[in-house]
Amino acid sequence: MEEIKLREEYIKLGQALKAANLVDSGVMAKMVIQDGLVTVNGEVEYQRGKKLVDGDIVSFEGETIKIVK
């Protein structure tokens, strides 16, 4: 499980996918999120701008990211 360290109060879902190198671009992030391929804390998430905070878990294509402060 990869960890993304927060620099601010939150990171947006699309930014987190890019930061973890799970997608190549913001456009790719938007597409995989809209297609329902990304989960946040076990729930399918369709909002690219979803604010992720400390403790959130993101999953995509078998990869998992944990958001930490």
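The values are calculated or read from the model by the stated rules, or taken from the named source; none is laboratory data. Values in this document were obtained by computation on a predicted structure and should not be read as measured data. Ligands, DNA and RNA are stripped out before the accessible areas are found, and what is left, the full protein with its side chains, is counted by its heavy atoms. Shrake-Rupley method; radii C 1.70, N 1.55, O 1.52, S 1.80 Å.
Pull out the extension gain between residue 12 and residue 68, defined as 0.36 nm times the separation in residues minus the alpha carbon to alpha carbon distance; nm, one decimal.
Residue separation times 0.36 nm, minus the Cα-Cα distance, leaves 18.8 nm.
Residue by residue through segment 47-60, which ³J(HN,Hα) values in whole Hz follow from phi under the Karplus form 6.51 cos²θ - 1.76 cosθ + 1.60 (θ = phi - 60°), with glycine and proline marked x?
9, 5, x, 3, 7, 9, 10, 3, x, 5, 10, 10, 10, 7
Expressed as cubic angstrom per residue, what is the convex hull volume of the alpha carbon set of the chain?
For the chain, the hull spanned by Cα atoms encloses 70 Å³ per residue.
How much accessible area per residue does the chain have, counting only protein heavy atoms and a probe of 1.4 Å, in square angstrom?
That works out to 66 Å² per residue.
So what are the ³J(HN,Hα) numbers for segment 4-13, from phi and the Karplus equation (6.51, -1.76, 1.60; θ = phi - 60°), rounded to whole Hz, Gly and Pro as x?
So the Karplus estimates, Gly and Pro as x, are 10, 8, 6, 9, 10, 6, 8, 10, 7, 4 Hz.
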